[in-house]
Amino acid sequence: MIRNVVGSVLALAGATAAVWSPFRAWYDGRHGRDYAVDELFTGITDATADVLGSILLPFAFAALLALVGVVLRSRLLVALAGIVVLGFTVFWMVRVGQAEGSLVVSGDGQGLGDGVANAFGGGVLLLIGALVMPGRKSRAHRVDRPDRHHRPTHPTPDGPPASPDTPDTTPGTPDAPNDHPQASTPYAATRTFDVPTPDPERENPPPKG
């Protein structure tokens, strides 16, 4: 939770710095909003661009990506926003260096201004925020399936119902104890026997006349 809050704050701060940077001086006192986006591909000129068509456009898009990434807790979107800001800043520096012959850093308002520093700082903060954010965690839902081999709980002719945790002790099964093969059950089955009855005629035959 703390990492998510810290990462979101860093990402929002970086997006704010990136959007604010075009309104600051970038080179020789010229603001970033004066550079057109298409000049990054065709070459830097002295023409003043419209605000919506200036370098503010990609930075505003990066800020929108960062905002959506913070809401969705997506590290990928926040990191992509940082890459967009840093990429366009470096691309602008390459084009200005080609147009001016070299880049100069000076404290008297000449050369690179604080707008470039804000853009670089905003891109770095976006990347740090993406690293700090834990991101979304997938929750695994466990579904308990019924036991297909569940034993009946109603009484059986052989005795009380067997518990699922009680091993089957029927002779011949794997869970039965190692009894002697000749061992029998405690109570044998009832058997019937034919008992002969005495025949009086055979024991006392009648006298012969």
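Tabulated data for the structure shown
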quantity: Output for the stretch 104-135, where each listed residue is farther than 26 Å from SER8 by Cβ and either polar (S, T, N, Q) or touching a residue at least 40 places away in the same chain (Cβ under 8 Å) (or both); calculated: SER106, GLY109, GLN110, GLY111, LEU112, GLY113
quantity: All positions within the stretch 36-87 that are touching a Gly at 6+ places or on another chain (Cβ under 9 Å) and open to solvent by 50 Å² or more (accessible area, probe 1.4 Å); calculated: ASP38, ARG73, ARG75, LEU76, LEU80, ILE83
quantity: Failed criterion for SER21 (all others in (1) surrounded by fewer than 22 Cβ atoms within 10 Å (Cβ to Cβ); (2) in contact with a Phe, Trp or Tyr (Cβ under 9 Å, 6 or more places away or on another chain) hold); calculated: (1)
quantity: Of residues in the stretch 95-120 being open to solvent by 30 Å² or more (accessible area, probe 1.4 Å), modelled with pLDDT of 85 or more and small (Gly, Ala, Ser), the one farthest from THR45 (Cα to Cα); calculated: ALA117
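The values are calculated or read from the model by the stated rules, or taken from the named source; none is laboratory data. Bear in mind the structure is a predicted one, so any value in this text is a computation, not a measurement. Note that we place each Cβ from the backbone using ideal geometry, even for glycine, and neighbour counts take in every protein chain shown. Note: accessible area is taken over every heavy atom of the protein model, side chains too, but ligands, DNA and RNA are not part of it. Shrake-Rupley method; radii C 1.70, N 1.55, O 1.52, S 1.80 Å.
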